[in-house]
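The values are calculated or read from the model by the stated rules, or taken from the named source; none is laboratory data. Small disclaimer: the values here were computed from a predicted structure and weren't measured. Cβ coordinates were reconstructed from backbone atoms using ideal geometry, including for glycine residues, and neighbour counts include every protein chain displayed.
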Amino acid sequence: MALAIEPLRPAHPDFAGKVTGLDIAAGVSAADAARLEAAMDHYAVLVLPGQNITDEQQYAFSQHFGPMEQATGDFAKPAERRLPMTHNDVSNLDKDGRILARDAKARLFGLGNRLWHSDSSFKPTPAKYSLLSARVLPDRGGNTEFADMRAAWDALDPAMQARCHDLVVWHSQLHSRGQLGFTDWDAADLEKNKPVPQRLVRRHEGSGRLSLYLSAHAGDITGWPTPETRIFLRDLTEHATQAAFVYIHQWQPFDLVMWDNRVLMHRVREHDQSQARDMRRTTVADRCPTLEQPL
Ligand code: OGA
Ligand code: MN
């Protein structure tokens with residue numbers, strides 16, 4: 001079957017596409033990968049159903065799209081990891097495949113994925129694409145929602161656009177986890193999670209469109225008092241995550257969903273934590289820090 005890419009929702013032809021006629025396990029040609037990248041520039045999220053792949057196949061496929069990130073943002077220490085450093089473990093499982101205890105720090109840290117965010121916005125060079133493979137799913141819940149930050153930008157009035165245009169925002173995992181009540185950081189946590197600067201407004205290379213760049217990791221704006229920053233970012237996030245800009249993905253086993261972190265935010269919704277949810281993410285790095293990218 002030939003590669004085909006079409007809108008997932010005919011009423012929303014510019015956000016979220018569906019890919020058929022591709023078998024990642026069999027290997028993907030450079031030409032097909034280039035077609036996927038062009039489609040990503042348009043849709044920002046692509047759903048590839050029925051991809052029953054190994055970790056190695058997922059990683060090899062991801063490498064078509066740029067330099068790979070390693071899972072250095074994960075909370076688990078290397079000895080406690082279930083997955084190799086090539087994969088972010090987004091599951092609720094420990095290294096032996098058992099469901100994490102209610103008070104396990106890895107589980108509590110993972111609750112940060114329920115806040116709207118952009119992956120690795122806390123890294124100096126943040127993420128370009130994330131590719132998330134669903135291996136085991138709970139009976140219900142655990143949807144992932146995606147919000148289109150280009151549409152959110154377009155919908156701001158010109159005065160607000162002008163206000164946002166040149167702002168520099170500081171991102172850290174200490175801020176996103178701080179929203180969940182984590183405060184007991186040791187010196188190593190503080191050192192590892194120093195805030196990094198990112199543009200609030202970005203120009204998306206592939207489409208030429210402007211986009212907001214928001215994330216739960218965002219905590220300060222250069223030159224602004226912190227409370228003013230926090231309420232400003234909260235208002236912007238509320239605007240940007242209105243239902244009109246959101247695609248809700250209901251997972252099927254072996255879905256692979258890839259998204260462009262440069263132009264969207266995402267979050268996972270609640271599910272029954274007594275059931276396994278085995279999700280594995282590979283991440284493609286952007287080419288440089290956002291402040292080095294032309295606006
Ligand atoms: C991620 C993430 C959402 C989910 O992998 O970056 O936020 O559905 N995951 O698990
Ligand atoms: Mn994420």
Verdict on Leu190 being surrounded by fewer than 21 Cβ atoms within 10 Å (Cβ to Cβ), touching a residue at least 12 places away in the same chain (Cβ under 8 Å), in contact with a helix residue (DSSP H, G or I) (Cβ under 9 Å, 6 or more places away or on another chain) and more than 24 Å from Asp41 (Cβ to Cβ): yes
Residues of segment 77-96 classified as buried (at least 19 other Cβ atoms within 10 Å of the Cβ) and not polar (S, T, N, Q), total: 5
Selection within segment 162-184 - surrounded by 15 or more Cβ atoms within 10 Å (Cβ to Cβ) and either aliphatic (A, V, I, L, M) or more than 16 Å from Thr237 (Cβ to Cβ) (or both): Leu167, Val168, Val169, Ser172, Gln173, Leu174, Arg177, Phe182
Whichever residue in segment 56-93 is among the small types (Gly, Ala, Ser) and within 14 Å of ligand 1 (Cβ to nearest atom) and, among such residues, is modelled with the lowest pLDDT: Gly73
Arg203 being of a type outside the set (A, V, I, L, M, F, W, C) and in contact with a Pro (Cβ under 9 Å, 6 or more places away or on another chain): yes
Looking only at segment 193-206, and only at residues there that are touching a residue at least 24 places away in the same chain (Cβ under 8 Å) and surrounded by fewer than 17 Cβ atoms within 10 Å (Cβ to Cβ), the one that is nearest to Gly73 (Cα to Cα): Pro197
Those residues of segment 100-126 which are away from ligand 2 (no atom under 13 Å from the Cβ) and either buried (at least 21 other Cβ atoms within 10 Å of the Cβ) or assigned to a loop (DSSP other than H, G, I, E, B) (or both), in sequence order: Leu100, Ala101, Arg102, Asp103, Ala104, Ala106, Pro124, Thr125
Answer residue from segment 135-147, given it is part of a strand (DSSP E or B), in contact with a His (Cβ under 9 Å, 6 or more places away or on another chain) and farther than 16 Å from Leu111 by Cα and is farthest from ligand 1 (Cβ to nearest atom) among those: Ala147
Which listed residue, of Leu210, Leu264, is of a type in the set (A, V, I, L, M, F, W, C), buried (at least 19 other Cβ atoms within 10 Å of the Cβ) and away from ligand 2 (no atom under 16 Å from the Cβ): Leu210
Odd one out for Arg107 among (1) modelled with pLDDT of 95 or more; (2) over 30 Å from Gly208 (Cβ atoms): (1)
Candidate set: segment 127-161, residues that are without any contact (Cβ under 8 Å) to a residue 60 or more places away in the chain and either within 13 Å of ligand 2 (Cβ to nearest atom) or aliphatic (A, V, I, L, M) (or both); chosen: the one surrounded by the most Cβ atoms within 10 Å (Cβ to Cβ): Met160
Pairs with Cβ under 7 Å, 6+ apart, first in segment 267-295 and modelled with pLDDT under 95, second within 15 Å of ligand 2 (Cβ to nearest atom): Gln273/Asn92
Residue ID - nearest to the chain's Cα centre (by Cα), chosen from residues in segment 257-289 that are within 22 Å of Ala39 (Cα to Cα) and hydroxyl-bearing (Ser, Thr, Tyr): Thr283
Elements of type strands (runs of 3 or more DSSP E) in segment 1-99, at least 3 residues being within 21 Å of the chain's Cα centre (by Cα): 17-20, 45-48
Leu291 vs. criteria aliphatic (A, V, I, L, M), farther than 15 Å from Ala152 by Cβ and assigned to a helix (DSSP H, G or I): yes
